[in-house]
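Trainee: Before we start, here is the structure in question, set down as structure tokens.
The values are calculated or read from the model by the stated rules, or taken from the named source; none is laboratory data. These numbers were taken from a predicted model, which means no experiment stands behind them. Please note: Cβ atoms are built from the backbone with ideal geometry, for glycine as well, and neighbour counts cover all protein chains shown.
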Amino acid sequence: MGYTIAQKIIKEHLVCGEMVVGNDIGLRIDQTLTQDATGTMAYIEYEAMGIPRVKTEKSVAYIDHNTLQTGFENADDHRFIQSVCKKHGIYFSRPGNGICHQVHLERFGKPGKTLIGSDSHTPTGGGIGMLAIGAGGLDVAVAMGGGAYYITMPKMVRVNLTGKLSPWVSAKDIILAVLRVMSVKGGVGKIVEYGGEGVKTLTVPERATITNMGAELGATTSVFPSDEITREFLKAQGREEDYTELSADADAVYDEVIEINLSELEPLAACPHSPDNVKPISELEGQKIDQVCIGSCTNSSYLDLMRVAHILKGKTVADGVSLAIAPGSKQVFNMLAMNGALADMIAAGARILESACGPCIGMGQSPNSKGISLRTFNRNFEGRSGTADGQIYLVSPETAAVSALAGVFTDPRKLGPAAEIELPEKFLINDNMVIAPAPVEEMDNVEILRGPNIKEYPKTSPLTDSIEASCSLKVGDNITTDHIMPAGAKILPLRSNIPAISQHCFTVCDKEFPERAKTLGKSIIVGGENYGQGSSREHAALAPLFLGVKAVLVKSFARIHKSNLINAGILPLTFQNPADYDKIKLGDMLELPNVKKEIADGSAVTVVNKTTGETVIADCELSDRTRAIILAGGLLDYTKENS
Ligand code: SF4
């Protein structure tokens, strides 16, 4: 039996476990990336492990999330990361160099290699045939130290692309079509692999738009073959030597096959407030809009922005619409500046933002209250834009640009024949914003710059024999990491300061939660389906840890968040009978009388509701390794114990 692309990369990097679906497997990691919002903590954790130099082939720290510099905290974090990088052997991509995933794709990613990143959109690297997975900061710290990265061996899904996109229909519409079929839960425990004749019609940046937003499917990752188109892209980036061909064997077996005929697709939008709430633009046409934001790691490649510039050229943004554009990397920004496309955008009235995440992570450009904002981004969860009642629609750059001019939802196919815009034969290559680490012999002289915003990792302790704790919060289905640990300009600067950031934990759902949890000392959170969906944000586990949360008892978990809870030493429990969710109320006193023994034995966990006298049985699905992590009190303690 042949192998799929992902299975080939896994086989090549397997350090333990068997490649059987559902098994825990350990992978050797070639490359890591961090961004500043999760990176500060990842490097605090790396330091705590006491390993002098990273053991990966390439590790890169990007500064892209928090670039507003509204206070000293942000600048302190950047200086801290830069100094850690210099000392410990990590490349440092300075603020202004661009968004981590786009820059990594352009400058560092290699087909056939493994990459983990402390950001959920790390699967962007699948666009050049990498096995690129979003992970927690602590997982990245461990991988930098030479440790394996553990995943559950996923199922394989093949998305078979046939036909060819019609003019003004784009890669964004492909992934929105996949989301419409699979939903935000449909990819959990799966790797989505693209194949078929249609693949040959897509450039690397287009493939990367699709793998990027595969994160919204909840998939472990998404991957495209590495073929002649990949080779051309790498050649244009001046690194043809990084190319290797990679494709699925003809007799590879997939657990699921989805057919998408590109010729039948039309422009789509993900409507508020979920990326799988997809409708055709034709159904929304004519509705007034307030704002358009073009950028993010999903849609700000050279091709995307050249198409936008072409649409805007010689026109003016509609009255009452604010159009903001953030090029995804300095490379793209510079090329647009040199070929005149930037001038066309400025002349049309676009507000040009720096090469960073910006509005995608709620750092500026919040829409007006109840404002309708069309964005080329990948997420539209409630509140992420910074405006609680903002109505965010996710669209292609083409739909965004044409709608910005019209002031209403507009189908870009109205523009008539599309302009032929192609990737250049050679990109502008200038890596002057990437700082190499100090040579090994000089690393001892590098001082770590630690400002007052850099606080230690929260205190952890091994799992106790029993737990007695109140239910400090009860939430419903589809709680996202944005609900648990909101982003935004006021909160992001506190990412290296857990005591301060924890004061914002869950305040979107319940303003009193942080104070209540702290007063209780020990507590348990109860939730519904797909708890923790969204990002790899480990602060969504670290803030509850700091506030004394001992266990999270839900109907089901999102993958990365569950592993972040385990890494933080918080018990991830699921109701054996989902209807038992109704048996626990906010404030109920819960007891887990034999929890340590039950976890150690791998048996179900008994939860006694001492307030009502009822008993609930919970599962705690753990592998041998994650069980040992939970018993030790978290991954940091486990790593220290085992190194
Ligand atoms: Fe940045 Fe948004 Fe991409 Fe996250 S999804 S890396 S915030 S651009």
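Trainee: Name every residue in the range 350-389 that is among the aliphatic types (A, V, I, L, M), under 22 Å from Ile479 (Cα atoms) and in contact with a Cys (Cβ under 9 Å, 6 or more places away or on another chain), in order of residue number. First the steps, then the outcome.
Mentor: Narrowing the range 350-389 to residues among the aliphatic types (A, V, I, L, M): 350, 352-353, 356, 361, 363, 372, 374, 388.
Narrowing further to those that are under 22 Å from Ile479 (Cα atoms): 361, 363, 388.
Within the range 350-389, Met363 is the sole residue that qualifies.
Trainee: Would you mind stating whether Asp24 is surrounded by fewer than 24 Cβ atoms within 10 Å (Cβ to Cβ) and either assigned by TED's automatic domain parsing to the domain that holds Ser222 or within 13 Å of the ligand (Cβ to nearest atom) (or both)? Steps first, answer last, please.
Mentor: Working: surrounded by fewer than 24 Cβ atoms within 10 Å (Cβ to Cβ): yes; either assigned by TED's automatic domain parsing to the domain that holds Ser222 or within 13 Å of the ligand (Cβ to nearest atom) (or both): yes.
So Asp24 passes the test.
Trainee: Something else about it: Out of curiosity, is Ala132 over 15 Å from the mean Cα position of the chain (by Cα) and among the small types (Gly, Ala, Ser)?
Mentor: Details: over 15 Å from the mean Cα position of the chain (by Cα): no; among the small types (Gly, Ala, Ser): yes.
Spelling it out, it is not the case that Ala132 is over 15 Å from the mean Cα position of the chain (by Cα) and among the small types (Gly, Ala, Ser).
Trainee: Moving on to the next point. If you go through the range 582-604 one residue at a time, do you hit one that is crowded, with 16+ Cβ neighbours inside 10 Å, without any contact (Cβ under 8 Å) to a residue 60 or more places away in the chain and within 17 Å of Asp477 (Cα to Cα)?
Mentor: So far as the range 582-604 goes, yes, one or more of its residues are crowded, with 16+ Cβ neighbours inside 10 Å, without any contact (Cβ under 8 Å) to a residue 60 or more places away in the chain and within 17 Å of Asp477 (Cα to Cα).
Trainee: Oh, and also: Give, as residue ranges, the helices (runs of 4 or more DSSP H) completely inside the range 42-160 that count at least 2 residues that are more than 27 Å from Ala541 (Cα to Cα). Don't jump to the end; show me each part of the working.
Mentor: On the way: elements: 72-88, 100-107, 137-144.
Where helices (runs of 4 or more DSSP H) fall fully within the range 42-160 and carry at least 2 residues being more than 27 Å from Ala541 (Cα to Cα), they are 72-88, 100-107.
Trainee: Search the range 182-201 for residues being modelled with pLDDT of 95 or more and assigned to a strand (DSSP E or B), and hand back the single one that is farthest from Pro123 (Cα to Cα).
Mentor: Among them, the one singled out is Gly195.
Trainee: Suppose the filter is of a type in the set (Asp, Glu), touching a residue at least 60 places away in the same chain (Cβ under 8 Å) and not assigned by TED's automatic domain parsing to the domain that holds Leu217; does Glu621 pass it? Even if it seems obvious, please write down each step before you answer.
Mentor: Details: of a type in the set (Asp, Glu): yes; touching a residue at least 60 places away in the same chain (Cβ under 8 Å): no; not assigned by TED's automatic domain parsing to the domain that holds Leu217: yes.
No; evaluated as a whole, the condition is false for this residue.
Trainee: Filtering the range 149-176 down to residues that are surrounded by fewer than 22 Cβ atoms within 10 Å (Cβ to Cβ) and of a type in the set (Gly, Ala, Ser), which residue is nearest to Leu394 (Cα to Cα)?
Mentor: Ser166
Trainee: Only one residue in Ala388, Ala348 is more than 16 Å from the ligand (Cβ to nearest atom) and at pLDDT 95 or above, so which one is that? Explain how you work it out, then say what you get.
Mentor: Working: Ala388 fails: at pLDDT 95 or above.
Testing whether each residue is more than 16 Å from the ligand (Cβ to nearest atom) and at pLDDT 95 or above leaves just Ala348.
Trainee: Within the range 27-57, restricting attention to residues that are among the charged types (D, E, K, R) and out of contact with any strand residue (DSSP E or B) (no Cβ under 8 Å at 6 or more places or on another chain), which residue is farthest from the ligand (Cβ to nearest atom)? Spell out the reasoning first.
Mentor: So the first thing to find is which residues in the range 27-57 are among the charged types (D, E, K, R), and the list is 28, 30, 36, 45, 47, 53, 55, 57.
Imposing the further condition that a residue be out of contact with any strand residue (DSSP E or B) (no Cβ under 8 Å at 6 or more places or on another chain) reduces the set to 45, 47, 53, 55.
Numbers: Glu45: 20, Glu47: 24, Arg53: 27, Lys55: 25 Å.
Among residues in the range 27-57 that are among the charged types (D, E, K, R) and out of contact with any strand residue (DSSP E or B) (no Cβ under 8 Å at 6 or more places or on another chain), the one farthest from the ligand (Cβ to nearest atom) is Arg53.
Trainee: Can you give me the ranges of the helices (runs of 4 or more DSSP H) entirely in the range 540-643 with at least 1 residues that are under 24 Å from the mean Cα position of the chain (by Cα) and farther than 28 Å from Tyr457 by Cβ? Give the steps one after another, and end with the answer.
Mentor: Details: elements: 559-568, 595-601, 624-632, 635-642.
Ranges flagged: none.
Trainee: Still on this structure, please answer the following. Assuming Tyr531 fulfils every condition listed in (1) surrounded by fewer than 18 Cβ atoms within 10 Å (Cβ to Cβ); (2) in contact with a His (Cβ under 8 Å, 6 or more places away or on another chain) apart from one, which condition is it?
Mentor: Exception for Tyr531: condition (1).
Trainee: Return the residues of the range 315-328 that are within 14 Å of the ligand (Cβ to nearest atom) and of a type in the set (A, V, I, L, M, F, W, C); say none if nothing qualifies. First the steps, then the outcome.
Mentor: Residues of the range 315-328 that are within 14 Å of the ligand (Cβ to nearest atom), as a first pass: 324-328.
Of everything in the range 315-328, those that are within 14 Å of the ligand (Cβ to nearest atom) and of a type in the set (A, V, I, L, M, F, W, C) turn out to be Ala324, Ile325, Ala326.
Trainee: Right, another one. For the range 362-376, enumerate the residues that are hydrophobic (A, V, I, L, M, F, W, C) and under 23 Å from Leu268 (Cα atoms).
Mentor: Within the range 362-376, the subset hydrophobic (A, V, I, L, M, F, W, C) is 363, 372, 374.
Matches in the range 362-376: Ile372, Leu374.
Trainee: Another question, then. Regarding the range 438-447, can at least one residue be identified that is of a type in the set (S, T, N, Q), within 16 Å of the ligand (Cβ to nearest atom) and in a helix (DSSP H, G or I)? Before the answer, list the steps.
Mentor: Of the residues in the range 438-447, the ones of a type in the set (S, T, N, Q) are 445.
Next, from what is left, pick out any that are within 16 Å of the ligand (Cβ to nearest atom): none.
Checking the range 438-447: not a single residue is of a type in the set (S, T, N, Q), within 16 Å of the ligand (Cβ to nearest atom) and in a helix (DSSP H, G or I).
Trainee: It is to be established whether one or more residues within the range 296-306 are in contact with a strand residue (DSSP E or B) (Cβ under 8 Å, 6 or more places away or on another chain), surrounded by 21 or more Cβ atoms within 10 Å (Cβ to Cβ) and at positive phi.
Mentor: yes
Trainee: Report yes if Lys279 is more than 16 Å from the ligand (Cβ to nearest atom) and without any contact (Cβ under 8 Å) to a residue 12 or more places away in the chain, otherwise no.
Mentor: Working: more than 16 Å from the ligand (Cβ to nearest atom): yes; without any contact (Cβ under 8 Å) to a residue 12 or more places away in the chain: yes.
The answer is yes for Lys279.
Trainee: Do we have any residue at all in the range 329-339 that's touching a residue at least 24 places away in the same chain (Cβ under 8 Å), touching a helix residue (DSSP H, G or I) at 6+ places or on another chain (Cβ under 9 Å) and within 13 Å of the ligand (Cβ to nearest atom)?
Mentor: Among the residues of the range 329-339, at least one is touching a residue at least 24 places away in the same chain (Cβ under 8 Å), touching a helix residue (DSSP H, G or I) at 6+ places or on another chain (Cβ under 9 Å) and within 13 Å of the ligand (Cβ to nearest atom), which makes the answer yes.
Trainee: In addition: Based on what the data block shows, is Val292 assigned to a strand (DSSP E or B), in contact (Cβ under 8 Å) with a residue 60 or more places away in the chain, among the hydrophobic types (A, V, I, L, M, F, W, C) and more than 15 Å from the ligand (Cβ to nearest atom)? Spell out how you get there, then give the answer.
Mentor: Numbers: assigned to a strand (DSSP E or B): yes; in contact (Cβ under 8 Å) with a residue 60 or more places away in the chain: yes; among the hydrophobic types (A, V, I, L, M, F, W, C): yes; more than 15 Å from the ligand (Cβ to nearest atom): yes.
Yes: the conditions hold for Val292.
Trainee: Can I ask one more? If I ask for residues that are within 15 Å of the ligand (Cβ to nearest atom) and among the acidic types (Asp, Glu), which ones from the range 91-141 would you list?
Mentor: Glu106, Asp119
Trainee: Output the number of residues of the range 363-380 satisfying the condition of being within 11 Å of the ligand (Cβ to nearest atom) and hydrophobic (A, V, I, L, M, F, W, C).
Mentor: 2
Trainee: Here are some residues: Ala400, Ala406. Which one is touching a helix residue (DSSP H, G or I) at 6+ places or on another chain (Cβ under 9 Å) and within 16 Å of the ligand (Cβ to nearest atom)? Working first, answer last.
Mentor: On the way: Ala406 fails: within 16 Å of the ligand (Cβ to nearest atom).
Unique residue meeting the criteria: Ala400.
Trainee: Moving on to the next point. Given the residues Ala219, Ala215, Ala143, which is the only one that is surrounded by 24 or more Cβ atoms within 10 Å (Cβ to Cβ) and closer than 30 Å to Lys426 by Cα?
Mentor: Values: Ala219 fails: closer than 30 Å to Lys426 by Cα; Ala143 fails: closer than 30 Å to Lys426 by Cα.
Among Ala219, Ala215, Ala143, only Ala215 is surrounded by 24 or more Cβ atoms within 10 Å (Cβ to Cβ) and closer than 30 Å to Lys426 by Cα.
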